[in-house]
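The values are calculated or read from the model by the stated rules, or taken from the named source; none is laboratory data. Just so it is clear, the model here is predicted, and its values are computed rather than measured. Counting neighbours? That spans all protein chains shown, and the Cβs are built from the backbone with ideal geometry, glycine included. We work out accessible area using only protein heavy atoms, side chains counted, and drop any ligands, DNA or RNA first. Shrake-Rupley method; radii C 1.70, N 1.55, O 1.52, S 1.80 Å.
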Amino acid sequence: MNNNILSGKVVKFLLGGGVATAINLLLIFLLIEKLGFDTPFLHNVANIISIELSLIASFFIYRIWVWRGGSWNWFNVLFKQLPLYHVSAGTAIIVRVLFVFPLLDWLGVSYGVNTMLGALISASLNFIISDRFVFSNNKNQPKEAYFPEALTPALVEDITRPLISHEKRHKINLLSLVIPAHNEEDCIVNTINNISQHLDQRQINYEILVVNDNSRDNTESILQSLQEENSRVRYINNYYPNGFGFAVRCGLENFKGDAVAIVMADNSDSPENMIDYYNKIQEGYDCVFGSRFIKGGKVIDYPFYKLTVNRMANLFIQVLFGLPLNDTTNAFKMYRREVIEGISPLISHHFNLTVELPLKSIVRGYSYAIIPITWRNRSAGISKLKLKEMGSRYLFIVLYTWLEKHLSRGDYQRKKVPIKVKSSD
């Protein structure tokens, strides 16, 4: 897209989409509140009708204001341009009708908020397809998609190259890994041993800090044994209320290293990628983010419905903030100590902390690199993430950070001061 995500074209597109969204919202309000479309089935019917009418309106808005030029012959517009635009928007509409609207309706989100979020996601997909294939003069064939990248648009051509200029930072002498663990007796030993083996082989100086999050099984006794066996492993009990976000925050307040990575206890994060993170952050970046959905990235045994929700949520965040990062929600990321200090205090109680950490880091001006990573679904234990419970919490953090970006006037951005490079011992 060659920086179109930051261009005036996108701004115009979003403004035009806002008008189309208002039309959409008005139509669905009239259908549901005034015409009695008040059952789940009729909700979807009202949604389809309002989408089609607002889609036609958006076509003319974009055709006149965003992608100017071309023939205005009525036959050409009605029987060529408009149908082609419907094809480009078809994918976005199908995603919205079959996935976004029913999912948010099932989560109990009000139809007004549901409609606005669905319209934003749909508009984002519509822009990407329209810009590349419908209104663009570029006749080149689309680039190859790499599994599972076909589920999401790639907004940059080579996401592994340096994305933001960064200052030379001091070397990382001690790497900390924070692992929240709640009832992980079946996983925690393999996770820690696997990580330790890889880091020891690379002769990396590290500590593993496990936060026992009020476990009711044998997790704590296992951690006691691991701590006695390996001097690099220590654990603390979460002194906050039970919750993933609270456990991670507890760990971030107690790690000792120059940089810290958030690692899941279920062995889903690749230790090889931990080495990749470490090498990349040594280049001077403030943060290193992984993506499972770029060339070289991979997911193994990811439940399809979770993958679908993940892709829609990340696309929403990606477009809202104009990011090259397409895997914001993944917890496995690495930060320098000064980043953690600079984005505090953290406010998320649950899994929405996985979004708060990277978005605050980006919004507050810290440099970052993005590399491909591999993720595999847990083979033992039970996932603690409950999608239905987390939807509104994720949305709260996303909007909270978006408001900081646009309304804080840079009050929380890092102050760029010269930093002397420290040589590693």
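Worth a mention:
- Among the listed pairs Lys280/Lys360; Lys256/Lys360; Lys256/Lys295; Lys9/Lys360, a Cα-Cα separation exceeding 24 Å is found for Lys256/Lys295; Lys9/Lys360.
- Backbone HN-Hα couplings from phi across the range 394-402 [Karplus 6.51/-1.76/1.60, Hz, Gly and Pro as x]: 4, 4, 4, 5, 4, 5, 4, 6, 4
- Most to least packed among 38-44, 106-112 [average Cβ atoms within 10 Å]: 106-112, 38-44
- The range 314-331 - phi-based ³J(HN,Hα) in whole Hz, Karplus 6.51/-1.76/1.60, Gly and Pro as x: 5, 5, 4, 5, 4, 6, 4, 9, x, 9, x, 6, 10, 9, 5, 6, 6, 6
- Centre separation in Å (Cα based) which lies between the range 15-30 and the range 252-283: 44 Å
- Residue-wise HN-Hα couplings along the range 103-112, as the Karplus relation 6.51 cos²θ - 1.76 cosθ + 1.60 with θ = phi - 60° gives them from phi, are 5, 5, 5, 5, 6, x, 6, 4, 5, x Hz; Gly and Pro carry x.
- Per residue, the solvent-accessible area of the range 171-297 (1.4 Å probe, heavy atoms of protein chains only, all protein chains present) comes to 37 Å².
- The range 263-312 - Debye-derived log10 I(q)/I(0), Cα point model, q = 0.15, 0.30 Å⁻¹: -0.52, -1.24
- With the highest mean first, a sort of the peptides 78-86, 284-292, 18-26, 360-368 on other beta-carbon atoms found within 10 angstrom per residue produces 284-292, 360-368, 18-26, 78-86.
- Gap separating the Cα centres of the range 293-321 and the range 167-242, nearest whole Å: 27 Å
- The aspartates and glutamates whose alpha-carbon is closer than 16 Å to the alpha-carbon of Lys306, local same-chain residues fewer than 8 away aside, are Glu149, Asp327, Glu389.
- Cut-off under 5 Å, modelled amide H: who pairs with Val210 long-range: Ile179, Arg234, Tyr235, Ile236
- Taking amide H positions as modeled 1.01 Å from N, with prolines and chain starts lacking one, the residues under 5 Å from Phe37 and 5 or more places away or on another chain are Ile32.
- Residue ranges 47-54, 330-337 sort as 330-337, 47-54 when ordered by packing (mean number of other C-beta atoms within 10 Å per residue, highest first).
- The smallest convex shape that holds all Cα atoms of the range 211-302, its convex hull, gives 143 Å³ per residue.
- Our summary gives the range 314-368 a relative contact order of 31 percent, counting only alpha carbon pairs under 8 angstrom and 6 or more residues apart.
- For the range 240-279, the spread of Cα positions along each principal axis, largest first, Å: 34, 24, 10
- Å² per residue, accessible surface of the range 302-379 at 1.4 Å: 27 Å²
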